[in-house]
Amino acid sequence: MNTTSKVLTGVLVGASVGIIAGILIAPDSGKRTREKIVGKTRDLRNLMTDSMADVKNAYNRELESLMNNGKSGIDSMKNALKV
């Protein structure tokens, strides 16, 4: 797990704990508290989904770059061996 993943995971876990603690400490009725928890859980799920999509896109871009560099290296070797 690289540093970016660790930071992202820490932020998401910290936000989750903070949201849950804030909701449970707030002076609302049980029904209202449950509604808040469901709403915040949906928000957090959406945030995590978006974050994971960003991580996936960055991974795919890096993989594509590595593949292109590898292909360029192989093509250079082929050309050097032809001469």
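For the condition under 14 Å from the mean Cα position of the chain (by Cα), at pLDDT below 85 and part of a helix (DSSP H, G or I), Leu8 qualifies. Might you check whether a residue that is modelled with pLDDT of 85 or more, open to solvent by less than 50 Å² (accessible area, probe 1.4 Å) and over 11 Å from the mean Cα position of the chain (by Cα) occurs anywhere in region 46-62? The answer is no, given that none of the residues of region 46-62 is modelled with pLDDT of 85 or more, open to solvent by less than 50 Å² (accessible area, probe 1.4 Å) and over 11 Å from the mean Cα position of the chain (by Cα).
Taking region 6-31 as the range and being surrounded by 12 or more Cβ atoms within 10 Å (Cβ to Cβ) and not polar (S, T, N, Q) as the test, the residues that pass are Leu8, Val11, Leu12, Ala15, Ile19, Ile20, Ile23, Asp28.
The values are calculated or read from the model by the stated rules, or taken from the named source; none is laboratory data. No experiment lies behind these values; they were computed from the predicted model shown. Glycine also receives a Cβ, built like all others from the backbone with ideal geometry; neighbour counts cover every protein chain displayed. Note: areas computed on protein heavy atoms with side chains; ligands, DNA, RNA excluded. Shrake-Rupley method; radii C 1.70, N 1.55, O 1.52, S 1.80 Å.
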